[in-house]
Amino acid sequence: MKLGLKKDLITKDARVDVIKVDIHAAMWDDPIDVNAVNALIDQKYEVKKAKSKATINAFADLKKILTQEQKDKMMQMYKEKQKK
């Protein structure tokens, strides 16, 4: 599950990076096609939204299969990581 999510997030991050490059390139057009740039911005945030939702779904799926002891340990590890 972790590897699948990680691969999906990497793919989505790459897609966001490509869209950023496309937006930057479109900003140099003369005249700027505002509708095209707006469409790229919409795409960028759709990908970011999908990334967030995939992370939440994976976390929810994980919590469904963990025992209470494992959930407690996970929360302890999370809190320790946040302190750093």
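Before moving on, here are some points about what is shown:
- Size of charge dipole - the chain - debye, nearest 20, with Cβ of Lys, Arg +1 and Asp, Glu -1, no other charges: 860 debye
- FRET efficiency, 1/(1 + (r/R0)^6) with R0 25 Å, evaluated for Met1 and Tyr45 via beta carbons: 0.45
- Counting only aspartates and glutamates at least 8 places from Lys2 when in the same chain, those with an alpha carbon closer than 17 Å to its own are Asp13, Asp61.
- Accessible-area composition of the chain, carbon plus sulfur, in percent [1.4 Å probe]: 59 percent
- Computed helical MRE - 222 nm, the chain, DSSP H runs ≥ 4 contributing -39500 (n - 2.57), nearest 500: -31000 deg cm²/dmol
- Calculated accessible area for the chain comes out at 84 Å² per residue, all protein chains present (probe 1.4 Å; ligands, DNA, RNA ignored).
- J(HN,Hα) series, the range 27-41, from Karplus relation 6.51 cos²θ - 1.76 cosθ + 1.60, nearest Hz, glycine and proline x: 5, 8, 5, 10, x, 6, 7, 4, 5, 5, 5, 4, 5, 5, 4
The values are calculated or read from the model by the stated rules, or taken from the named source; none is laboratory data. Small disclaimer: the values here were computed from a predicted structure and weren't measured. Cβ: placed from backbone, ideal geometry, glycine included. Neighbour counts: every protein chain shown. Please note that ligands, DNA and RNA were not included when accessible areas were found on the heavy atoms of the full protein model with its side chains. Shrake-Rupley method; radii C 1.70, N 1.55, O 1.52, S 1.80 Å.
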